[in-house]
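**Student:** The structure that follows is given in the form of structure tokens.
The values are calculated or read from the model by the stated rules, or taken from the named source; none is laboratory data. Predicted, not measured: the structure shown is a model, and the values here were computed from it. Note: ideal-geometry Cβ built from the backbone for every residue, glycine included; neighbour counts use all protein chains shown.
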Amino acid sequence: MIRLSAPSTPARPTLAGLPFLVATALVTTALAGCHQAPTTPSSQVMVPESALEARSAGLVRVEFPAQDPGPPYYARVSPYPEMLNQVFTDGRTVAIPVYRDPSCIPGGFNLFQGFDPPSAAGPGAFACPLLVSGTFLIEPDAPLGTFPVQVNTSGPAQFWFVDHDEFMARTSDGLLPMARLAGEFTSLRIGTAEHFMEMLRPRFEPRHQVVITAHGRLADGGRFRVSANHRGSTLQSISIHLD
């Protein structure tokens, strides 16, 4: 749990999911100056997801984007230690989940940065429509700066696949601007999920975790399947298949 006072400007949004929004925004601000045995997704113990179960556990269930704009990021990819080294690769291919309309993502935005929270300059990632929807669970009296207990996301997320060696070469400067990913990677293949499930536990204690399962169709007519389990700063297991 992160207990930080809320910034005085800009004005705080009056949204049902305020703790989630503020937590991610504050973490982004805090990080701005910074530049085990494998398990399978099926082995993870899930936090209760139904409204009744959530209430019995003392949590509230908030839907996004219906009640909350969702997390202020576009995609999940970053080798930065402060972003927990979240690069989903099997050593041959890098799979990048994309949660918001890619045509809307600013070309100069460094995807490795992760968060693009609202600020005096504009709405950040909230300017781009979500491709996905979901719910998060949090204590009803959670103070500002508290991450949710769990976030469950589904829907037609996109997956952008690139060759691992090209990824390493083109990001050797430590940056991945959206325009570079979209326009310079010769190995790029883009797919849309027909099935996508992501379970995120964003709290650092006992350990940050994200579990992803997805399959769908590639724009070139092929098929893809992805499963990944990332815990702490370590990729526990990964499977990427492109047909």
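**Student:** Hey, can you tell me all the residues within the stretch 177-198 that are surrounded by 14 or more Cβ atoms within 10 Å (Cβ to Cβ), within 18 Å of the chain's Cα centre (by Cα) and assigned to a strand (DSSP E or B)?
**Tutor:** PRO177, ILE190, GLY191, THR192, ALA193, PHE196, MET197, GLU198
**Student:** Please state which one of GLY174, GLY155, GLY221, GLY232 is on the phi > 0 side of the Ramachandran plot, surrounded by fewer than 18 Cβ atoms within 10 Å (Cβ to Cβ) and touching a helix residue (DSSP H, G or I) at 6+ places or on another chain (Cβ under 8 Å).
**Tutor:** GLY174
**Student:** While we're looking at this one, here's another question. Quick check: anything in the stretch 213-228 modelled with pLDDT of 95 or more, of a type in the set (S, T, N, Q), touching a Lys or Arg at 6+ places or on another chain (Cβ under 7 Å) and farther than 18 Å from LEU111 by Cα?
**Tutor:** No, the stretch 213-228 contains no residue that is modelled with pLDDT of 95 or more, of a type in the set (S, T, N, Q), touching a Lys or Arg at 6+ places or on another chain (Cβ under 7 Å) and farther than 18 Å from LEU111 by Cα.
**Student:** Shifting gears a bit: So, in the stretch 141-152, of the ones that are of a type in the set (A, V, I, L, M) and either within 20 Å of the chain's Cα centre (by Cα) or closer than 22 Å to LEU130 by Cβ (or both), which residue ends up surrounded by the fewest Cβ atoms within 10 Å (Cβ to Cβ)?
**Tutor:** VAL149
Let's see how each residue does on (1) part of a strand (DSSP E or B); (2) basic (Lys, Arg); (3) under 16 Å from GLY155 (Cα atoms); (4) in contact with a helix residue (DSSP H, G or I) (Cβ under 6 Å, 6 or more places away or on another chain):
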position	(1), (2), (3), (4)
ASP165	no, no, no, no
ALA169	no, no, no, no
LEU200	yes, no, yes, no
GLN236	yes, no, no, no
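**Student:** Would you point out which residue out of TYR99, TYR74, TYR80 is closer than 26 Å to HIS215 by Cβ, modelled with pLDDT of 90 or more and in contact with a Cys (Cβ under 8 Å, 6 or more places away or on another chain)?
**Tutor:** TYR74
**Student:** Let me ask you something else. Output the residues belonging to the stretch 202-224 that are out of contact with any Gly (no Cβ under 7 Å at 6 or more places or on another chain) and part of a strand (DSSP E or B).
**Tutor:** Correct list: GLN209, VAL210, VAL211, ILE212, THR213, ALA214, HIS215, ARG223.
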